[in-house]
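Q: Please read through the structure below; I'll follow up with questions.
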Amino acid sequence: MDRTLFLASSSSYRAQILDRLRISYTKVNPRYIEKSIPKEAATAVALRFAEGKALSVEIDAQYYVIIGSDQVAHLDQQIFGKPSTHANALAQLRVFSGQWVSFTTGVCLLTEQGDRRIASETYEIRFRELSDCQISRYLQLEEPFDCAGSIKVESLGVTLLDDARGRDVNCLYGLPIMLLREQLESLGLDLNDFIDIG
């Protein structure tokens, strides 16, 4: 049977990943309200939010797979969300200066049969020792205020880094493709079957 792939996300960054791979999908804005739980671990947050997004959408298709995804930036046990403002981004990047920072992305797949796959992937980046001048210049040029951790690694954000480690750099952008492929395979599906060959 042919399944329709739905991306339960309002993020343009996740959509861009699928677009680059020529994956055929329909984007649906989730109606999930993210609520924090005191002392909840970063991975648990990412998984809970990913599942909540996937469950929150209404699908008009007979056969489908829904992708819910959420990313959390964290240093030790402290979670850093989207900064929203220049001042918040400046404060985040000051904390990150010289540190290894983890970006954990949770991915949840749901099918019309009720099958569910939930897993996470983590990618780590090490920031250079950054001066306030360097941070402010970066924020002025990039304005990454809608990005967890105040950084767009796919563009000028890479200039702030010393090192990186992890399996799939797409984890930094909010949708680890290797993990997505594995989750689809566990459902008996092939990511390549969703590619639009035009």
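The values are calculated or read from the model by the stated rules, or taken from the named source; none is laboratory data. Every value quoted in this text rests on a predicted model; they were computed, and no experiment measured them. All Cβ positions, glycine included, derive from the backbone under ideal geometry; neighbour counts span all protein chains shown. The protein model used for the area step is the full one, side chains on, heavy atoms only, and it has no ligands, DNA or RNA in it. Shrake-Rupley method; radii C 1.70, N 1.55, O 1.52, S 1.80 Å.
Q: Going by the structure shown, is PHE103 modelled with pLDDT of 95 or more, under 22 Å from GLU185 (Cβ atoms) and either over 19 Å from the mean Cα position of the chain (by Cα) or open to solvent by less than 70 Å² (accessible area, probe 1.4 Å) (or both)?
A: On the way: modelled with pLDDT of 95 or more: yes; under 22 Å from GLU185 (Cβ atoms): no; either over 19 Å from the mean Cα position of the chain (by Cα) or open to solvent by less than 70 Å² (accessible area, probe 1.4 Å) (or both): yes.
No, not satisfied.
Q: Looking at this structure, is ILE118 open to solvent by 60 Å² or more (accessible area, probe 1.4 Å), closer than 30 Å to LEU191 by Cβ and aliphatic (A, V, I, L, M)?
A: yes
Q: Being part of a loop (DSSP other than H, G, I, E, B) and under 12 Å from the mean Cα position of the chain (by Cα) is the filter; apply it to the range 1-49 and report the residue that is surrounded by the fewest Cβ atoms within 10 Å (Cβ to Cβ).
A: The qualifying residue surrounded by the fewest Cβ atoms within 10 Å (Cβ to Cβ) is SER10.
Q: Another question about this same structure. Please enumerate the residues belonging to the range 50-74 that are open to solvent by less than 20 Å² (accessible area, probe 1.4 Å), assigned to a strand (DSSP E or B) and either at pLDDT below 95 or over 17 Å from PHE194 (Cα atoms) (or both).
A: Across the range 50-74, the qualifying residues are SER69, ASP70, VAL72, ALA73.
Q: Quick check on the range 187-198: of everything there that is outside any loop (DSSP other than H, G, I, E, B) and of a type in the set (A, V, I, L, M), which residue is least open to solvent (accessible area, probe 1.4 Å)?
A: Only one residue tops the list, namely LEU191.
Q: Now for a separate question. Could you check ALA119 against (1) touching a residue at least 12 places away in the same chain (Cβ under 8 Å); (2) of a type outside the set (Phe, Trp, Tyr); (3) part of a helix (DSSP H, G or I) and say which number it fails?
A: Condition (3) is where ALA119 drops out.
Q: Which of the residues that make up the range 150-176 are under 27 Å from TYR64 (Cα atoms), of a type outside the set (D, E, K, R) and outside any helix (DSSP H, G or I)?
A: Selection gives GLY174, LEU175, PRO176.
Q: Which residue out of LEU179, LEU184, LEU141 is touching a residue at least 12 places away in the same chain (Cβ under 8 Å), touching a helix residue (DSSP H, G or I) at 6+ places or on another chain (Cβ under 9 Å), part of a helix (DSSP H, G or I) and open to solvent by 30 Å² or more (accessible area, probe 1.4 Å)?
A: Answer to the check: LEU141.
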